[in-house]
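The values are calculated or read from the model by the stated rules, or taken from the named source; none is laboratory data. Predicted model only: the values in this text are computed from it and were never measured. Positions of Cβ are generated from backbone atoms using ideal geometry, with glycine treated the same way; all protein chains shown enter the neighbour counts. Note: accessible area is taken over every heavy atom of the protein model, side chains too, but ligands, DNA and RNA are not part of it. Shrake-Rupley method; radii C 1.70, N 1.55, O 1.52, S 1.80 Å.
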Amino acid sequence: MPVKKYRRLLKTRNFGLCIGLIYALLFCLLGFTTGFFSDMETKILDSFFTVKDFSTRSSIQKGLWLNEENKKINPDILIVGVDIKALQKFGSWPFPRGVHADLVNSFSRISNQNEREKALFLDIFFIDEAGSSIDDSRLARSFSESGRVFLESILETFPAGEDIEQEMLYRQSFLNDKNGNFSFIGKGWKSLFPYWGIQTNLASFNSNIHGFGSANITNDSLDNIVRRQPLVLKYSQLIDELVLEDLEPGYPVDESSFKRLSWLDINGAEHQIELPLTMKSIVKLKKEITKKAPPLMYDSNDDGTPDSETRVIEIFQDYFMPSIAFSLALEYWGASLDDCKVFPGKEIRILRKTKDDIVIPVDNQCAMIINYAGGPSFSAAEGHQTFPVRSYAGYVRQTPEDINEWPQTRAVADKIILVGAFEKGMAEDEKQTPYGMMFGIEIHANSLNTLLTQRFITRPSVPLSLILFFSLIMLIAFIAARMKNLWSLPLTIFIFLIVFLIFSYFFNAHNLLINYSIPFLGMFFSYITIVLYRASTEEREKRKIKLMFGKYVSPEVVAQMLDNPPELGGVDRELTVFFSDIRGFTSLSETLTPQELVKHLNEYLSAMTDIILATGGTLDKYVGDEIMCFWGAPLEVQDHASRACTCALLQKQKLKELNATWPAEKKLAIGIGLNTGVMTVGNMGSTGRMNYTLMGDNVNLGARLEGTNKVYGTMIIVSEYTYALVKDEFIFRELDIIRVKGKNKPVVIYELVDFIS
């Protein structure tokens with residue numbers, strides 16, 4: 001019994017499900033515990049973006065375009081691009097700073113101050129003094145007068161040098177004092193990527209603007225495409241160094257003020273030191289640092305040859321700043337950094353007193369996925385525009401200081417205006433996105449739009465994802481294991497496509513990003529493996545079946561058996577057994593030569609065997625002139641008794657036809673015995689030579705009935721058990737009640753006469 005269960009498990013229809021389960025476990029484990037599928041998943045994210053629905057527009061008359069409202073885009077975002085018109089009007093880039101002052105004044109000097117912009121972000125860097133101090137003063141004064149200007153700082157991976165860094169920190173201090181700090185940053189802040197350098201604008205500008213943010217964006221390392229926007233970034237200032245030998249238990253580091261200890265290995269990777277320090281942790285730490293960190297060499301006697309070495313631990317003070325998009329969003333919401341609670345790897349929560357809190361899902365680097373609203377825009381009115389784009393040149397004008405001469409409005413009420421490069425070649429400000437190259441100002445606009453519309457891309461919970469992925473992989477495994485390749489292949493491809501479209505729908509309609517790479521690879525490898533497993537096992541089984549049963553049953557039956565392989569071991573089953581024998585065979589053999597006898601016997605056996613196979617019977621064996629066969633195995637059929645009776649009558653008819661063509665000395669008479677009952681059928685014999693045959697009392701009864709024809713002078717005798725099953729299909733004549741050898745219970749026997757016409 002255990003062997004039978006083992007064989008049943010190894011059948012493709014069952015073992016295929018095991019293969020699917022193995023792949024489901026493997027790929028879910030890899031997908032949720034490693035970054036194994038990160039590259040593939042980012043490409044799938046790009047494909048989701050490409051099938052999103054966007055707003056459309058149409059030309060209502062030549063030169064006039066009607067843009068349909070896109071509810072997925074905040075209408076208060078306006079891009080003012082430094083385009084070809086601006087370059088033609090003001091000359092080569094960079095423009096004189098007095099021109100930028102005129103732009104700022106054109107927005108701030110509006111007689112109806114209720115029609116003013118919400119914020120004005122200049123994606124322009126003023127890191128050094130211009131040729132004209134007058135222009136610098138004008139620009140600084142325009143910032144102060146506006147009270148709504150935002151500038152940017154840029155964080156660098158490495159510092160530019162101590163003197164420059166000190167100057168930059170001095171400039172940055174004006175921004176930090178103006179904007180305040182995050183009130184709460186939870187566990188995981190030490191793992192944020194550390195920037196050790198900073199670049200920012202002149203102090204005269206930083207001291208007069210309203211707000212700032214970091215302009216840094218994140219390029220995926222594998223393909224350099226911008227898909228994420230870090231909302232909180234970390235600047236790490238080195239404040240001290242400590243030699244390894246001076247590290248002691250309880251070394252004081254105030255982590256509550258975001259100080260930390262770390263060390264660098266020989267590859268430049270930073271490793272955090274967890275606090276508090278104990279003697280045990282220090283011993284372990286020293287061993288690891290000594291092995292992996294580069295040494296600091298000492299030359300105590302200044303002879304040019306180092307005579308000792310140590311390792312260095314660095315003490316950092318971390319500062320956190322918002323991205324420019326996040327800073328502009330906070331301004332739009334009327335919130336500040338003090339209203340934010342940052343939980344790296346989970347969310348950023350903006351607390352609001354009169355409205356619901358805003359919750360932004362972020363990764364462990366406090367980055368959100370940018371929900372791009374559309375493809376790149378053109379500054380020309382005839383081109384595609386995801387966000388409204390206006391020319392820089394259209395807003396720059398010298399506005400008089402006399403308030404009575406100010407315009408009533410500039411049609412920018414409550415808008416966030418983003419000013420930046422919008423012409424190829426004027427600055428290295430184009431980045432690769434899922435939609436192709438975009439100017440930096442457009443990427444900031446998409447990040448800002450994601451925040452303002454709160455269309456944050458989220459993922460389903462892990463338990464829900466696991467249930468979904470397991471179900472899909474097991475579905476494909478079931479299809480591959482239970483269906484022929486001719487049907488399973490197109491169905492599997494169809495499911496791949498449908499699942500992708502469904503995932504794409506949820507992304508587009510509900511901003512839900514469901515991992516497609518895990519179920520896709522799980523389904524793909526499950527299908528391929530199951531198909532290969534079937535090819536290697538079932539083909540072998542089919543060859544075995546053909547070899548074993550090809551001589552017993554018809555090719556049609558063999559074909560059915562290949563689709564539904566039978567149990568090849570011994571099983572008990574209700575069957576109908578058939579025995580036939582030639583009457584007077586000994587006398588016949590004496591009148592014919594051996595060659596003539598063999599030829600004559602082969603002609604008879606061939607005709608009879610053809611009828612057996614045609615009625616779906618299984619030929620068991622020839623014993624001289626005797627034929628043994630049965631119906632109901634290896635393929636199980638319900639009408640086995642009817643098939644056996646049909647075969648007997650057809651053989652009777654065929655023998656009559658043959659006798660009509662043979663001479664008198666070759667004419668044959670046969671006797672046939674049929675019995676129905678439970679018999680043991682299967683492979684019997686030795687391991688080297690086996691035969692698929694029957695055993696049991698009911699088999700013996702059939703053999704006895706064949707010989708009984710001699711007593712009653714009949715040709716076909718059936719038992720009462722066969723008769724009971726087919727009495728309404730054929731004509732029978734009751735013969736007798738007999739007790740055959742080996743049977744204590746009497747049996748009613750019948751002569752099978754003919755078909756019921």
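The figures follow:
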item: Excluding exposed DSSP-loop GluC sites (Glu not before Pro) (at most 16 other C-beta within 10 Å), longest clean stretch of the chain; result: 130-273
item: Crossing angle, helix 279-292 versus the chain [Cα axis fit, 0-90 degrees, rounded to tens]; result: 90 degrees
item: Mean residue ellipticity (222 nm) of the chain, computed from DSSP H runs ≥ 4 via -39,500 (n - 2.57), nearest 500; result: -13000 deg cm²/dmol
item: The chain - percent relative contact order, Cα under 8 Å, separation 6 or more; result: 15 percent
item: DSSP-loop trypsin sites (Lys or Arg not before Pro) across region 608-701, with at most 11 other Cβ within 10 angstrom; result: Arg689
item: Beta bridge orientation in the chain: antiparallel %, DSSP, nearest 5; result: 75 percent
item: Volume in Å³ per residue [convex hull over Cα atoms, computed for region 80-128]; result: 99 Å³
item: Alpha carbon Rg of the chain, scaled by the compact-globule rule 2.2 N^0.38 Å; result: 1.65
item: Dipole-positive endmost among Val747, Phe730, Gly624 within region 621-757 (Cβ charges, Cα centre); result: Gly624
item: Cα gyration tensor shape for region 324-366, rounded if a/c is under 1.5, else prolate or oblate; result: oblate
item: Amide proton proximity set for Thr386, modelled H, under 5 Å, gap of 5+; result: Ser377, Phe378
item: 0 to 90° range, to nearest 10: angle between helix 97-108 axis and the chain longest Cα axis; result: 80 degrees
item: Degrees between helix 640-661 axis and first principal axis of the chain (Cα, 0 to 90, nearest 10); result: 50 degrees
item: Portion, in percent, of the accessible area of region 582-691 that falls on carbon or sulfur, probe 1.4 Å; result: 54 percent
item: Sequence-distant lysines (8 or more away, or on other chains) whose Cα lies within less than 24 Å of Lys291; result: Lys190, Lys280
item: Global geometry of region 577-617, whether rounded, prolate or oblate, following the gyration tensor of its Cα atoms and the 1.5 cut on a/c; result: oblate
item: Cα-based shape type of region 261-361, given that a ≥ b ≥ c are square roots of the gyration tensor eigenvalues and the cut on a/c is 1.5; result: prolate
item: Surface accessible to a 1.4 Å probe, per residue, for the residues of the chain, Å²; result: 49 Å²
item: Under-5 Å amide H pairs with Thr714, H placed in peptide plane, nonlocal only; result: none
